[in-house]
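Input: a single structure, listed below in structure tokens.
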Amino acid sequence: MGVSQFKANDPGREELKLLLTFLREGDCLVVTRIDRLARSVCDLALIVRDLEARGISLRATEQDINTSTPAGRAFLQMLGPCLLRSRAISRVGISGTAVTTSDVIKSFACKCR
């Protein structure tokens, strides 16, 4: 993925780009929740792929996710999309924009290559 795959004009991602550049092999990126790290399923897939390729694990403290273990990787793959969808639904009240099932399906169809 590399840090450059994030949109340059995406506000708030500059800090994430900087954080990712500081991580080294053997490090563990610790976040409170997965939805605080990624804004979409595609973002999550790209970030996790980059971290794994660089030998960096990911841990979410409130969701018992730890990609340094096989069970943690499986848990993330199964629940990651659901966790991000719940974040999208929680934003409905703030933005006034409804999140539909088709919106979620579209987020799964991203190009994470």
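The values are calculated or read from the model by the stated rules, or taken from the named source; none is laboratory data. Owing to the predicted nature of the structure, the values given are computational and were not obtained by experimental measurement. Positions of Cβ are backbone-derived with ideal geometry, glycine not excepted, and every protein chain shown enters the neighbour counts.
All conditions in (1) in contact with a Leu (Cβ under 9 Å, 6 or more places away or on another chain); (2) surrounded by fewer than 18 Cβ atoms within 10 Å (Cβ to Cβ) hold for Pro70, with the sole exception of (1). Among the residues of the range 51-64, is there at least one that is in a loop (DSSP other than H, G, I, E, B), at pLDDT below 90 and at positive phi? Scanning the range 51-64 turns up at least one residue that is in a loop (DSSP other than H, G, I, E, B), at pLDDT below 90 and at positive phi. Cys28 meets all of the listed conditions (1) of a type outside the set (Gly, Ala, Ser); (2) touching a residue at least 40 places away in the same chain (Cβ under 8 Å); (3) under 18 Å from Cys82 (Cβ atoms) but one, namely (3). Only residues that are modelled with pLDDT of 90 or more and outside any strand (DSSP E or B) were counted in the range 19-46, giving 10.
Once the range 31-66 is narrowed to residues that are within 14 Å of Cys82 (Cα to Cα) and basic (Lys, Arg), the residue that is surrounded by the fewest Cβ atoms within 10 Å (Cβ to Cβ) is Arg36.
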